[in-house]
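The values are calculated or read from the model by the stated rules, or taken from the named source; none is laboratory data. If you're wondering where the values come from, they're calculated on a predicted model, not measured in any experiment. Cβ placement follows ideal geometry from the backbone for every residue including glycine, while neighbour counts extend to all protein chains displayed. Quick note on the areas: whole protein, heavy atoms, side chains included, nothing else; ligands and nucleic acids left out. Shrake-Rupley method; radii C 1.70, N 1.55, O 1.52, S 1.80 Å.
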Amino acid sequence: INMSGFLEKITLYDLLGYTIPGFVFFLIMLYGVYSTDTLVLLETYKNYNGFLAIVLLVASYLVGIAMSELGRIVDWIISKVFTKEYTFDNMESIKRAMANSKFWEEQTDMEVNTIAIKMMYSDIQTDENYKRIHNYASAGVMYKNMFTSLLGGNIILLFSHMFFGINYPYFNICFCVLLLLALIFLVRWKRFEGKTNNYTINWFIKKYTN
């Protein structure tokens, strides 16, 4: 494995997958906590911009990790509500590739499910011939975390507005925009998840049946 290339991918993955969604969540909270005093706040701490930028970057990364874990819970709930069965036209090729890979000890264990696809992905993502799979997976993770950040931030704003009587400027517009963006990222998350799964299976077949 090319370690320098692998580290570059990890850096990009962390930046897009965690830091940006975490930063978006902070922006929503900034609107919620300092909605009318944001410019005054920024002016007060303008001499500490460099330090605050580093703190914000680290904090955004950590919040992004938390959003990712919440996203896993949301994904689990979605999978329970909308049970998904994997059906493919090339099932025979898939089973043959699974048998050739030797990852499954028994023929009866070779069921094409979420666990099996994760095993296939773990195998091919380290192969330079199929490195593009990492880009699709990274995009899917970023969209998932963006969805979680937007939805989570919106829920917090709604909760504080309804139960604590906090009146935010342009709240209705902000709520609708954040909800719409969350739905857009949900659709893109699931679309790229499907792309990742399809490419994973196709490239897994190519690797073990050629």
Need one word for segment 120-210: rounded, prolate or oblate. Basis is the Cα gyration tensor (sqrt eigenvalues a ≥ b ≥ c); a/c below 1.5 gives rounded, then a/b vs b/c decides. prolate
In whole Hz and in residue order, list the ³J(HN,Hα) couplings for segment 166-174 that follow from phi through the Karplus curve 6.51 cos²θ - 1.76 cosθ + 1.60, θ = phi - 60°; x for Gly and Pro. 7, 9, 8, x, 6, 4, 4, 5, 4
Find the accessible area per residue for segment 135-210; the probe is 1.4 Å, ligands and nucleic acids are left out, and the unit is Å². 53
Apply the Karplus curve 6.51 cos²θ - 1.76 cosθ + 1.60, θ = phi - 60°, to the phi angles in segment 113-124 and return the couplings in whole Hz, x for Gly and Pro. 9, 4, 5, 4, 5, 5, 5, 4, 5, 4, 6, 7
For peptides 20-26, 49-55, sequence by mean Cβ density within 10 Å, most packed first: 20-26, 49-55
Which of 95/144; 46/144; 118/144; 80/102; 80/131; 80/206 have a Cα-Cα distance over 26 Å? 95/144; 46/144; 80/102; 80/131; 80/206
